[in-house]
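What follows is a set of notes on a single structure, which appears directly below.
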Amino acid sequence: MATKLLEDEITEALDRFVSLETSNGTTEKSLRATALRFRILREHGYDVSQDMFNSLKDLNGDFKDCIRKDVKGMLSLYEASFLGFEGEDILDEAMAFTTMHLKNIKGDEIRKGLLDLVSHSLELPLHHRIERLEARWYIQVYAKKPDANHLLLELAKLDFIMVQSTLKRDLTRNFIVVEGHGTSTQSQFSNVRKGLTKVTSLITTIDDVYDVYDVYGTLDELELFTIAVERWDINAVEDLPEYLKICFLALYNTVKEMVYDTLKLQEVNVLPYLKKAWSDMLKAFLQEAKWSTRKDMPAFKDYFENAVISISGIVILVHAYFLLEQNITKQALDCLEKESYHDLLRMPSVIFRLCNDLATSKT
């Protein structure tokens, strides 16, 4: 909750955790501590092996039956299992084991506070929740604990109030920044929230134009717009219909502002990288519009290669990188120049696309 306030202290503590030997016990304390240590280290990018959970298994390779009696430990192991990588079978087995036994817990078997934690986690694991919303919920839960550390609780409340004050101040601007709150909740990322809200608003508006172009204009007009963005030529606006002139100027001026701010702070011209990201996405939009017009059914490979770009994840991530105001590295810029985007940009976009298609297929 107050991670920014205690950032140095937390880093020091995590470094100490890394040096600790894996506990071999199976008592309540050791199971919970081991799973908690694994989860926190993984969340902070430390290289920690799933093998630390081997001590929880019997000679047959199954999780020991005695673990079922340790609800707190199982809950901690359940949360840790969601940070597993592909192929980490121990964590897959841990997720299945803990999910089954946590769901079978009866209300009269444990105290209500612990039962609430179990129900909350089974509804949606911690790794999938929004940090600040979870902080608010847990502050209320923690305050009810008889052994709560009141000094820590007061710090958490003050930190939450301070961040809320920053978010409310953001809302007093001339544009709405609510959509940015879920992705960058810390108070120091106010500029990121404002910038990404502008970007996502532009993406949504332009995407709608390409989706319903037959209402507002023609496919030829969309091609002109796509070419204008690729050339990044303000004079090209004269060839566009009125509704696309507005879109182009809004995009042009927004990107120009971000380029100026980055140039002023870091002396790096990021225009080529932002322009490429937007141009690639609009080409993907245009391809989808052509498929729709011709009623073509593209091969899955062709569709998905295009769809990973059209989902807009890469545009958002490229802008986010420059908005963070951290040191821009040559290595990062080299990756953004390449014809094919780095997996750090592609893989989140794949997840974004799959989730989007899954949701729209159900409607």
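The values are calculated or read from the model by the stated rules, or taken from the named source; none is laboratory data. Predicted model, so just to flag it, every value in this text is computed and none were measured. Every residue, glycine among them, receives a Cβ derived from its backbone with ideal geometry; neighbour counts consider all protein chains shown.
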Residue 141 being within 30 Å of residue 66 (Cα to Cα) and in contact with a His (Cβ under 9 Å, 6 or more places away or on another chain): yes
Test: residue in segment 318-338 that is touching a helix residue (DSSP H, G or I) at 6+ places or on another chain (Cβ under 8 Å), modelled with pLDDT of 90 or more, small (Gly, Ala, Ser) and surrounded by 19 or more Cβ atoms within 10 Å (Cβ to Cβ): no
Verdict on residue 45 being loosely packed, with under 13 Cβ neighbours inside 10 Å and on the phi > 0 side of the Ramachandran plot: yes
Candidates 199, 209, 192 - the one that is hydrophobic (A, V, I, L, M, F, W, C), surrounded by 14 or more Cβ atoms within 10 Å (Cβ to Cβ), under 15 Å from residue 286 (Cα atoms) and touching a residue at least 12 places away in the same chain (Cβ under 8 Å): 209
Pairs, first closer than 14 Å to residue 272 by Cα in segment 327-342, second part of a loop (DSSP other than H, G, I, E, B) and of a type in the set (Ser, Thr, Tyr), C-beta under 9 Å, six or more apart: 335/341
Neighbours by Cβ (under 6 Å, 6+ apart or cross-chain): first from segment 46-68, polar (S, T, N, Q); second assigned to a helix (DSSP H, G or I) and at pLDDT 90 or above: 50/90; 50/91
Residue check, residue 226 in a helix (DSSP H, G or I), surrounded by 17 or more Cβ atoms within 10 Å (Cβ to Cβ) and either outside the structural domain of residue 315 (by TED's automatic domain parsing) or not acidic (Asp, Glu) (or both): yes
